[in-house]
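**Student:** The structure follows.
The values are calculated or read from the model by the stated rules, or taken from the named source; none is laboratory data. This is a predicted model, so every value here is computed, not measured. Here the Cβ positions follow ideal geometry from the backbone for every residue, glycine too, while neighbour counts run over all protein chains shown.
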Amino acid sequence: MNEEVKNGSTYATIPFTPLSAIGQQLRTNLYVKNQDGSSTLADGVLNQFSDIYDNIIDRNDALKFHGSGERLSINNHTSILAIERRNKITVQDTLFFPFGRISNKKLPDGTDSFKIIRDRP
């Protein structure tokens, strides 16, 4: 391909969603507790809500690829996701966060319900 075929119409589609398009978001992280008492981020997912997104799985969503460690994902009844972009959330909506490869769940003092800590062997 030579430079002449590159013109203004070649880049008409924006490859990423502009930040101004995002309405609301929920970032959910899973931490593991190390033997020294510190915590390490093990996994995480992102839900974004806006009128510009659909509730069906499309190119705006990202499938989850699991590694060998602790896992957190979004289950929308048809797919397991790392990122879900959907219409604005309503009181009838429910978000499902399946966990995997987690043992000895432990919530440290003062921890909110979404921050689950597991002691590392």
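**Student:** Checking ASN104 against (1) at pLDDT below 90; (2) surrounded by 11 or more Cβ atoms within 10 Å (Cβ to Cβ); (3) in contact with an Asp or Glu (Cβ under 8 Å, 6 or more places away or on another chain), only one condition comes out false. Which one?
**Tutor:** For ASN104, the failing item is (2).
**Student:** Out of the residues in segment 66-93 meeting the condition of being among the hydroxyl-bearing types (Ser, Thr, Tyr) and modelled with pLDDT of 90 or more, tell me which one is surrounded by the fewest Cβ atoms within 10 Å (Cβ to Cβ). Can you show your working first?
**Tutor:** Within segment 66-93, the subset among the hydroxyl-bearing types (Ser, Thr, Tyr) is 68, 73, 78-79, 90.
Among the residues that remain, those that are also modelled with pLDDT of 90 or more are: 73, 79.
Working: SER73: 24, SER79: 14.
Result: SER79.
**Student:** Shifting gears a bit: Anything in segment 45-54 that is farther than 24 Å from GLY100 by Cβ and outside any loop (DSSP other than H, G, I, E, B)? List them, or say none.
**Tutor:** So in segment 45-54, the residues farther than 24 Å from GLY100 by Cβ come out as 49-54.
Once the filter is applied, which keeps residues that are farther than 24 Å from GLY100 by Cβ and outside any loop (DSSP other than H, G, I, E, B), segment 45-54 yields only PHE49.
**Student:** Quick one: count up the residues across segment 52-82 that are under 15 Å from GLN25 (Cβ atoms) and touching an Asp or Glu at 6+ places or on another chain (Cβ under 6 Å).
**Tutor:** Step one: of segment 52-82, the residues under 15 Å from GLN25 (Cβ atoms) are 52-53, 60-62, 74, 81-82.
From the residues that got through so far, the ones that are touching an Asp or Glu at 6+ places or on another chain (Cβ under 6 Å) too are 61, 74, 81.
Of the residues in segment 52-82, 3 are under 15 Å from GLN25 (Cβ atoms) and touching an Asp or Glu at 6+ places or on another chain (Cβ under 6 Å).
**Student:** Looking only at segment 21-54, count every residue that is of a type in the set (D, E, K, R), surrounded by fewer than 16 Cβ atoms within 10 Å (Cβ to Cβ) and in contact with a Gly (Cβ under 8 Å, 6 or more places away or on another chain) and tell me the total.
**Tutor:** From segment 21-54, those of a type in the set (D, E, K, R) are 27, 33, 36, 43, 51, 54; that's our starting set.
Now drop any that are not surrounded by fewer than 16 Cβ atoms within 10 Å (Cβ to Cβ), which leaves 27, 36, 51, 54.
With the extra rule that they be in contact with a Gly (Cβ under 8 Å, 6 or more places away or on another chain), the set shrinks to 27, 51.
So the count comes out to 2.
**Student:** Being in a loop (DSSP other than H, G, I, E, B) and among the hydrophobic types (A, V, I, L, M, F, W, C) is the filter; apply it to segment 55-65 and report the residue that is surrounded by the most Cβ atoms within 10 Å (Cβ to Cβ).
**Tutor:** We begin by selecting, within segment 55-65, every residue in a loop (DSSP other than H, G, I, E, B); these are 55-61, 64-65.
With among the hydrophobic types (A, V, I, L, M, F, W, C) added as a condition, the list becomes 56-57, 65.
Details: ILE56: 11, ILE57: 17, PHE65: 9.
Only one residue fits best here, namely ILE57.
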